[in-house]
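Undergrad: Below is one structure. I have some questions about it.
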Amino acid sequence: MDCRDVALHGAGMLSGARAPTDEWLLVAQAKSGSPSAFGELCERHRPSLFQSAFRILRNREDAEDAVQQSFQRAFTSLARFREDSTFSTWVTRIAINEALMLLRQRRIPSSLSQTQNNDVNATLELEIADERATPEQALAEEELRSLVVQATSRLRESLRSVVVLRELLGLTNAETARRLGLTVSAVKARTFHARRHLRQDLERKYRVGHGDFLIRARR
């Protein structure tokens with residue numbers, strides 16, 4: 001079921017008129033029951049939402065499912081969208097939450113979480129001379145990344161979205177601010193607090209030291 005089907009399924013065939021290009025008008029029409037307007041909003045934001053979801057889930061089918069579920073949730077919640085932020089900001093947060101919910105359903109990797117503290121710190125500090133990682137190194141990197149993303153899912157929402165965009169997607173502070181409707185100063189502050197919470201969470205739950213885990217999680 002694509003974006004337009006989501007709207008048609010929920011609202012029925014209403015207006016076949018061409019949707020306006022201004023986003024706030026599209027939102028107004030979608031709230032009034034226009035499937036074409038909601039479909040246009042979906043298509044505009046699908047690429048960026050897929051990118052965010054894929055960066056979390058690392059699986060194309062799962063990312064597509066997360067995006068589709070995000071649009072379904074956005075459609076059913078559209079009447080409650082107060083427009084104190086942009087539609088893009090609102091639906092981005094929904095997509096991140098949906099992707100993290102799917103991630104929580106996966107089993108947390110066991111090998112890294114059961115590794116002794118010194119071994120984990122050695123993994124974190126490892127500098128690979130050859131750009132081609134060994135299978136063991138690649139597995140350690142992927143498991144570490146999974147732990148970081150799992151920890152991200154436990155952050156409060158105001159920090160969660162910043163971590164995904166700023167740290168996992170590698171957006172700049174300015175790009176993250178634009179996507180979330182924040183100031184650059186707010187992004188910097190939330191990144192600082194998120195890093196502190198993640199470090200504490202990983203040290204407490206998995207005995208992971210304070211190495212450059214966010215840099216490695218971005219890969």
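The values are calculated or read from the model by the stated rules, or taken from the named source; none is laboratory data. The shown structure was predicted, so the numbers you read here are calculated from the model rather than taken from an experiment. Cβ sites come from the backbone with ideal geometry, for glycine too, and all protein chains shown count toward neighbours.
Undergrad: Checking Ala63 against (1) in contact with a Cys (Cβ under 6 Å, 6 or more places away or on another chain); (2) under 18 Å from Val163 (Cβ atoms): exactly one of these is not met. Which one?
TA: Here Ala63 meets the rest and fails (1).
Undergrad: Suppose we filter Arg44, Arg82 for residues that are farther than 21 Å from Thr152 by Cα, more than 15 Å from the chain's Cα centre (by Cα), outside the structural domain of Arg179 (by TED's automatic domain parsing) and part of a helix (DSSP H, G or I); which single one remains?
TA: It is Arg44.
Undergrad: Considering only the range 27-63, state which residues are among the acidic types (Asp, Glu), in contact with a helix residue (DSSP H, G or I) (Cβ under 7 Å, 6 or more places away or on another chain) and closer than 21 Å to Leu103 by Cβ.
TA: Asp62
Undergrad: Follow-up. Filter the range 47-62 down to the residues that are of a type in the set (A, V, I, L, M, F, W, C) and either assigned by TED's automatic domain parsing to the domain that holds Arg179 or farther than 16 Å from Thr152 by Cβ (or both), then identify the one that is surrounded by the fewest Cβ atoms within 10 Å (Cβ to Cβ).
TA: Result: Phe50.
Undergrad: Which numbered condition trips up Thr176, out of (1) under 21 Å from Met101 (Cα atoms); (2) at pLDDT 90 or above?
TA: Only one criterion is unmet by Thr176, namely (1).
Undergrad: Based on this model, can you work out whether Leu147 counts as surrounded by 13 or more Cβ atoms within 10 Å (Cβ to Cβ), in contact with a His (Cβ under 9 Å, 6 or more places away or on another chain) and modelled with pLDDT of 75 or more?
TA: When the stated conditions are applied, Leu147 does not pass them.
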